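Participant: Take this structure first; my questions come after.
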Amino acid sequence: MAQMQRLGAFGFVVAAAILSVGLQAQAGDPGTMAQEKLVGQFKLTKTTADRTDIVTAGDVVVLHKDGLMMCSTDSGYAYSNTYANGVLGPNMKNRAKDAFRGFGHGILTGGGADAAGAANNGCASRKFVAGEKFFVTDIKLQKDGILLTTYSDPYNEVRYYGEIKFPFQKGAPVPPVDAVVKTVQEVITVAPSDDKDQGNQNDQAAAGNQGGNQAPQQAAAPAPAPAPLTAIAPPPPPADAPAPTIALGQTKDQVVAGFGQPVRTAKLAGTKEIYFYKDMKVTFTNGKVSNVE
């Protein structure tokens, strides 16, 4: 009876373990899911096999931490960097590989190079600071973290590449997907789509421009708006003409100039003549006004 109970307990433990593994498999591995989410967030850039140029430009990313080291693409290994506890710093992992490669070459050729000298000579490096931009060419899941490979535009005709390791805490479960993504975003994010520098970098990359640092062309200044038309003031009204006047002694021409042609005229005996207007009668004697009624 006791043996059956022990077997029953053992079977329960096995079943629970199988159920736990099944649930984990169904939920997905956090590391793999984090890698997939990062690949979906950063459009990767594809380079030529010798890393001398870009075949397909992906997203431009902006750096948020100082101190990212990259090696020239002539180097056999990218410059390794690690981000942990909020600090981004280089490590000598890949530099040691270059050192041993250079050191072995020195022995074979009789150059007598030491490991440190080989490391220094094997990598023309450049330090990138916060605010600079570059590309991401690969995102890998490793057993102890996430590894991103970076690639730059040409600086004085030299392109650089590096690695950023985001290690998982040793002996602890893989962090949740959102936590891994947030950690990566503390170091790099996709540059805004309206960033003018992004367009400049993408144009350089697609054209294989090897001209080094080039300042982006300034956008043409918009044409000034035309000045509003000044309203033309209407002409002043004509001054009221003085009322015509008539006086004794004026000639016929003077009366006609002031009052116009008469409605009718009448000649009297002698030298008299009358001009009839609508509401006035003017008598002329010897051609001059002698009476007005």
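The values are calculated or read from the model by the stated rules, or taken from the named source; none is laboratory data. The structure displayed is predicted, hence computed values, not measured ones. Cβ atoms come from the backbone with ideal geometry, glycine included; neighbour counts cover every protein chain shown.
Participant: Tell me the strands (runs of 3 or more DSSP E) entirely within the stretch 1-97 that contain at least 1 residues that are exposed (fewer than 14 other Cβ atoms within 10 Å of the Cβ) and at pLDDT 85 or above.
Facilitator: Values: elements: 54-56, 60-63, 68-72, 79-84, 87-90.
Qualifying strands (runs of 3 or more DSSP E): 54-56, 79-84, 87-90.
Participant: To continue, here is another question. Conditions: (1) at pLDDT below 85; (2) loosely packed, with under 10 Cβ neighbours inside 10 Å. GLY249 meets all but one. Number of the miss?
Facilitator: Looking at each condition in turn, GLY249 falls short on (1).
Participant: One residue is enough: does the stretch 155-172 have a residue meeting the conditions in contact with a Pro (Cβ under 8 Å, 6 or more places away or on another chain) and at pLDDT below 60? Quick ask: steps written out before the conclusion?
Facilitator: First pass over the stretch 155-172, keeping only residues in contact with a Pro (Cβ under 8 Å, 6 or more places away or on another chain): 168-169.
When the remaining residues are screened for being at pLDDT below 60, the result is none.
For the stretch 155-172, residues in contact with a Pro (Cβ under 8 Å, 6 or more places away or on another chain) and at pLDDT below 60: absent.
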